[in-house]
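I have placed the structure first, in the form of structure tokens, so that the comments after it can refer back to it.
The values are calculated or read from the model by the stated rules, or taken from the named source; none is laboratory data. A quick note: this is a predicted structure, and the numbers were derived from the prediction, not measured. Counting neighbours? That spans all protein chains shown, and the Cβs are built from the backbone with ideal geometry, glycine included.
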């Protein structure tokens with residue numbers, strides 16, 4: 001980590017030298033003067049309910065994809081399970097104001113297919129209005145739209161050399177003529193990745209210890225296509241269609257070596273070999289109609305959509321125990337299919353008589369999922385179907401919601417927004433084996449309030465309150481016993497309950513450059529991962545936990561520009577203190593009652609280095625990840641350095657990026673449960689060098705998606 005900070009200081013010195021050299025040579029070339037950016041949006045803007053990361057035309061895009069840029073976004077952190085958080089809070093990801101169907105690792109793989117050069121900005125909405133269907137914060141990824149007649153586009157190729165070699169290609173086409181706009185993006189990722197992990201599972205009952213070391217190789221071939229058609233009926237009415245296709249063909253090979261101890265005496269050892277293949281496919285479609293009266297600031301937005309995904313796959317697990325005559329094994333085949341249908345209506349208009357803004361709307365969402373799994377045992381080198389273990393899991397739900405927001409400014413200094421959202425869900429869970437069935441339904445009121453007072457142009461204070469509810473994902477209910485690649489097991493829990501929580505937040509703005517946030521969050525019920533022993537098997541499973549958890553956070557953020565706006569420095573620091581004492585006592589957990597998380601990241605960008613059309617970017621992120629009943633044993637450090645050379649005449653760019661070259665990132669954490677402790681550490685091959693070539697054609701002017709002034713400046717935004 002010390003080397004990383006020394007390097008950052010060195011590059012800052014290089015920037016200063018570059019500017020001095022520029023001053024001596026600026027008079028020599030008028031062409032060079034034309035590319036100096038004197039006035040542009042700051043890289044980071046902080047507004048009443050959100051932080052906006054303006055990345056369009058930034059050097060941070062060099063050689064990156066959208067997932068890479070998201071990891072570098074202020075206030076955002078991503079844990080070892082690829083869960084995205086903002087200020088330590090769970091988030092829902094939107095793309096162009098439409099909720100993404102992906103979460104976790106699927107979201108990661110999807111965002112990796114979107115090249116960073118398509119990005120306009122990333123909005124981190126820490127105080128979302130009742131309009132958003134989310135239990136926490138919102139991240140809205142805004143893509144560019146064409147703003148010129150004719151066709152334009154780009155083609156890119158990236159080669160990444162880490163532990164293994166990977167390639168990525170992308171083609172973007174945009175056509176705009178009169179009132180019609182067509183966009184197309186296609187990509188193909190051919191990657192090989194390595195993951196190394198170790199586990200230590202200690203059971204209190206007999207003081208037994210299992211040590212496991214695993215190495216897994218992933219081979220991914222991922223094509224994707226997305227396209228949008230939009231037609232302006234007139235200056236107020238638009239219609240359009242969005243189609244998305246994403247596919248991932250993956251093969252993995254895993255070798256695990258385990259040792260079993262009793263009172264520090266080695267009993268036996270084993271090896272487990274995993275060979276698996278998977279085929280994930282997602283199809284998404286959306287038809288939309290939008291009425292927008294710019295003069296009266298009225299918007300009606302109607303969306304009708306569907307999402308379908310399937311993920312057939314096979315996995316063979318072969319285990320050899322050193323004192324056993326024959327190997328044992330399991331084969332699991334699955335053919336998951338998930339369908340979602342929805343209708344969403346949003347309306348917004350000003351209330352001129354009282355100088356306020358009103359918005360309201362609702363959504364009807366239907367989901368139907370089936371997850372069949374066939375289980376086979378290896379007997380005398382033959383696969384025999386185990387009908388007691390094979391199972392079909394069904395999940396269906398209907399989630400209906402209504403919301404209303406009212407915004408008004410008093411005395412020209414006090415901005416206010418009050419919102420109320422009502423959600424009602426009815427769901428059905430069914431497991432064919434044993435004919436187990438469960439149905440339930442409940443309604444929830446989710447109020448929120450936001451107030452901002454401007455003492456002057458340089459000082460303001462924002463306060464907010466929001467009641468949230470986090471519902472289990474459908475796959476977390478599935479009780480099928482899944483074999484893991486290290487010899488342990490996992491399954492879902494049909495009895496999982498939702499997690500309600502409340503959050504209070506204060507934000508201080510100073511000179512529109514320095515922002516300090518204080519927040520308080522609490523819950524009396526949650527579900528976390530726990531472990532059980534059943535018939536000699538160690539099984540991880542999400543489990544309901546009662547007990548009060550209180551969390552206190554302090555966040556500091558600043559964005560500074562220097563040298564005629566060519567040098568941009570963003571610094572973000574977040575510290576969190578969590579009181580788990582009541583939670584631990586009620587659940588008999590032998591873990592620290594008080595946990596502290598510290599996250600810090602800085603991003604440094606320089607435009608037109610040495611007046612040679614070279615853009616430079618460096619980013620460092622430091623994270624600790626204590627959460628729930630898991631305590632981190634190691635601080636995670638990530639860093640990226642990139643440089644892009646622009647060739648304006650040829651409309652080409654060449655980029656080089658260095659990932660984590662001074663320190664390889666990894667995670668090390670211990671999960672505490674009533675039956676024992678479970679330590680897991682992982683090391684990823686997120687390091688190496690990437691080379692990217694981009695060829696552009698056509699007029700590259702763009703515009704962002706149309707929003708009202710309320711949506712742009714305050715918390716009423718979609």
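Of the residues in segment 141-171, how many are closer than 24 Å to residue 73 by Cα and in contact with a helix residue (DSSP H, G or I) (Cβ under 8 Å, 6 or more places away or on another chain)?
Selection size over segment 141-171: 4.
From 486, 458, 478, 493, grab the single residue that is over 30 Å from residue 390 (Cα atoms) and touching a residue at least 40 places away in the same chain (Cβ under 8 Å).
Of 486, 458, 478, 493, the one residue that is over 30 Å from residue 390 (Cα atoms) and touching a residue at least 40 places away in the same chain (Cβ under 8 Å) is 458.
Output the residues belonging to segment 112-137 that are closer than 27 Å to residue 463 by Cβ, part of a strand (DSSP E or B) and touching a residue at least 60 places away in the same chain (Cβ under 8 Å).
The answer is 121, 122, 123, 124, 125.
Out of 110, 188, which single residue is at pLDDT below 85 and either over 19 Å from residue 55 (Cα atoms) or within 22 Å of the chain's Cα centre (by Cα) (or both)?
The match here is 110.
Got at least one residue in segment 498-507 being in a loop (DSSP other than H, G, I, E, B) and out of contact with any helix residue (DSSP H, G or I) (no Cβ under 9 Å at 6 or more places or on another chain)?
yes
Of all strands (runs of 3 or more DSSP E) completely enclosed by segment 343-431, which ones contain at least 1 residues that are closer than 23 Å to residue 476 by Cβ and touching a helix residue (DSSP H, G or I) at 6+ places or on another chain (Cβ under 6 Å)?
Of the strands (runs of 3 or more DSSP E) lying wholly inside segment 343-431, those with at least 1 residues that are closer than 23 Å to residue 476 by Cβ and touching a helix residue (DSSP H, G or I) at 6+ places or on another chain (Cβ under 6 Å) span 356-379, 391-410, 414-431.
Can you name the residue in segment 142-160 that is assigned to a strand (DSSP E or B) and closer than 17 Å to residue 230 by Cα and is also modelled with the lowest pLDDT among such residues?
Filtering first and then ranking leaves 146.
On the basis of being closer than 29 Å to residue 255 by Cβ and in contact with a strand residue (DSSP E or B) (Cβ under 6 Å, 6 or more places away or on another chain), does residue 268 make the cut?
Spelling it out, residue 268 is indeed closer than 29 Å to residue 255 by Cβ and in contact with a strand residue (DSSP E or B) (Cβ under 6 Å, 6 or more places away or on another chain).
For segment 88-110, how many residues meet the condition of being surrounded by 22 or more Cβ atoms within 10 Å (Cβ to Cβ) and free of Cβ contacts under 8 Å to residues at least 60 places away in the same chain?
1
Going through 474, 480 one at a time, which residue ends up being surrounded by 17 or more Cβ atoms within 10 Å (Cβ to Cβ), at pLDDT below 90, on the phi < 0 side of the Ramachandran plot and over 23 Å from the mean Cα position of the chain (by Cα)?
480
Being in a loop (DSSP other than H, G, I, E, B) and surrounded by 23 or more Cβ atoms within 10 Å (Cβ to Cβ) is the filter; apply it to segment 73-87 and report the residue that is modelled with the highest pLDDT.
73
So residue 70 passes all but one of these: (1) at pLDDT 75 or above; (2) part of a helix (DSSP H, G or I); (3) surrounded by fewer than 23 Cβ atoms within 10 Å (Cβ to Cβ). Which condition number does it fail?
Going through (1) at pLDDT 75 or above; (2) part of a helix (DSSP H, G or I); (3) surrounded by fewer than 23 Cβ atoms within 10 Å (Cβ to Cβ) one by one, residue 70 breaks only (3).
Take the residues of segment 668-718 that are modelled with pLDDT of 85 or more and outside any strand (DSSP E or B): which is surrounded by the fewest Cβ atoms within 10 Å (Cβ to Cβ)?
Of everything passing the filter in segment 668-718, 674 is surrounded by the fewest Cβ atoms within 10 Å (Cβ to Cβ).
Just checking, which of 210, 228, 214, 183 is within 22 Å of residue 284 (Cβ to Cβ), part of a strand (DSSP E or B), in contact with a strand residue (DSSP E or B) (Cβ under 6 Å, 6 or more places away or on another chain) and at pLDDT 90 or above?
228 is the lone residue from the list that is within 22 Å of residue 284 (Cβ to Cβ), part of a strand (DSSP E or B), in contact with a strand residue (DSSP E or B) (Cβ under 6 Å, 6 or more places away or on another chain) and at pLDDT 90 or above.
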